[in-house]
Every structure is written in structure tokens, then in C-alpha cells.
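First up is the structure itself, then whatever we jot down about it.
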Amino acid sequence: MRWLASFAVLVVALFAAPAESSAGNPRVVFPQRPERLRALRYHAEDSEQCLAELGVREVPFARGPKVPTIDTPVRLTGPLRGVVFEMHHPTVRHPKEGPVMDCRLLLALDDLATVVADRGVGRVRFNSIHRGRWVQRRGWRHAAGVAIDIVELVKTDGEVLNVLRDFEGHGVGSDTCGPDAAPVRRPKARALREVVCAVDALGSFNLILTPHYDRRHKDHLHLEVRRGIDWFLTQ
Ligand SMILES: [Zn+2]
């Protein structure tokens, strides 16, 4: 029966501990005052506070539609800080009315828009925001509408910074930001790295996963405002 027990452990490990929830990762940071960081502040807001903050920031949005797994569903209905967010997927079309997400993700995307606009980016192309109908935990991952997968950034002069082609990673397990991160050579790779590390410094997302995280992220940046955790991971 021992094989059965081992098999059961393996199955539990595969399904209960998805790679994106790795608080055991040595690069996980537990900030001194996490509640002062934006990602945690956003999740501490109730629906009305979050919607009010979108209004104060003059973010173009609409309420709804109702999605059982999304706490406060909203649609982004126009450019953020002049930056267009557009679906970039070979088969999936995104609704004309704009992508659906949780209100907290939209606050964080507004921060992201400021960072990329400062660096001459006019378009953020993503291939997923809300997907799936099953939430592992409330406020987690794509099903909760609190995560975006970014595949490329397009500068206003037309230059494209594509994650798969231009990230210039140093292999899974490498550091992305900070003193131990290996430098990158090409200007496009530097530009991508600068965006990631500037967003990391803002603390708007508590998870930023790049091609350095694992092979599944070789072609996109996963940015998430995950509820109920007080640690941050950028890798
Ligand atoms: Zn993702």
C-alpha cells in the first residue's frame, strides 16, 4: 500500500500546491509593514471604497457583470493614463465592452499604466485577465479577476517589447530585480527589466512572475494582487 500512499501524496502535491502560491520560495519577501504597501491596501478596501478610489483617480470603468468568483467585478472601458490595454491572443477575443476584473486589480493596473507611460509605452498587450470558474481561495489568481498575463508592451514609437523574445532571462531560478540580478545587455531587455522592477518597487502587486520563475512563464509576466497574503514575490 506504500505506493498508493506515495501516489496520493504526489496527487495532493500536484493539485493542492500550484506553483504560483510558493510562500516557501527563498525569494519571498515579508515586508516589515505590509499594510503600508499598495497591494495590501487595495485588498483591505471594501467594494465601495475600491470603486470610490477608481472614481477619484478618474479611471474609465463600468460596474459588473456579475461573476461569482470575482468580489467586485468591473470593466476597463478606455485607456489608463493614455495607455491602451488590449487582448493579444490567437483565438480568444475579448469583449468589446472591455476586460472584466476585480476592482483591486484595476487600481494596480492604473499604477502600472503610470510606470509604463513614463517609459514611452502606449499599449499593454495581455492574453488573460479573468479566466476559469473555480477559485482555489477567494481573491486568488485569474478566476478571481486579480491577475493579468502581459505578453508585450508597445512603445508610442512602435517598438515592441515582447516577453518571449526580449526578456533575455538568465534561467529559471534567477533573480529579476535587486543587487543579485544579473545585468541584461540589449536595450529592449533593459527596458522590460526596468518596467518590472519599477512596478515591484511600487508594491502594487504582491506577485510578479517572469520567465525567471518557471517555464510556464517563459512568454508572459504574471502580475497579481492576491488577497490574504502578507508576502511579496518578484521573480
Ligand atoms: Zn497568470
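Every read-out reported here was derived from the displayed coordinates using simple, explicitly stated rules and does not represent laboratory data. Predicted model, so just to flag it, every value in this text is computed and none were measured. All Cβ positions, even for glycine, are placed from backbone atoms using ideal geometry, and neighbour counts span all protein chains on display.
Observations on the structure shown:
- The range 63-131 versus the range 133-192: alpha-carbon centroid distance in Å: 16 Å
- Among the listed pairs Lys96/Lys188; Lys188/Lys218; Lys155/Lys218, those whose Cα-Cα separation exceeds 24 Å are Lys96/Lys188.
- Dipole magnitude for the range 31-234: computed about the Cα centre from +1 point charges on Lys and Arg Cβ and -1 point charges on Asp and Glu Cβ, it is near 500 debye.
- Each 10 Å bin from zero holds the following percent of Cα-Cα pairs in the range 102-205: 14, 41, 35, 10, 0.
- Per-residue Cβ neighbour rank within 10 angstrom, fewest leading, Phe205, Phe61: Phe61, Phe205
- Over all orientations, the chain has a Cα convex hull whose mean projected area works out to 14.4 square nanometres.
- A straight Cα-to-Cα reach below 12 Å connects Lys66 with the aspartates and glutamates Asp102, residues fewer than 8 places away in its own chain not being considered.
- Computed E for Ala62/Asp118 - FRET, C-beta separation, R0 35 angstrom, nearest 0.05: 0.85
- For the range 69-78, Karplus couplings with θ = phi - 60° (6.51, -1.76, 1.60), whole Hz, Gly/Pro x: 8, 9, 4, 10, x, 9, 10, 7, 10, x
- Helical segments meeting 18 Å axial Cα length and Kyte-Doolittle 1.0 threshold in the chain (DSSP H): 2-16, 103-118
- P(r) tail for the range 76-127: Cα pairs beyond 19 Å make up 24% of the total.
- By the helix-only formula, in which each DSSP H run with n ≥ 4 contributes -39500 (n - 2.57) and the sum is divided by residues, the chain has a 222 nm mean residue ellipticity of -9000 deg cm²/dmol.
- Between Glu45 and Arg137, full extension at 0.36 nm per residue minus the direct alpha carbon distance yields a gain of 31.3 nm.
- Per-residue ³J(HN,Hα) for the range 85-93, Karplus 6.51 cos²θ - 1.76 cosθ + 1.60, θ = phi - 60°, Hz, x for Gly and Pro: 9, 9, 5, 9, 9, x, 10, 7, 9
- When the Cα positions of Gly82, Gly132, Ala198 are compared along the charge dipole of the chain, Gly132 comes out farthest toward the positive end, with charges on each C-beta of Lys, Arg, Asp and Glu.
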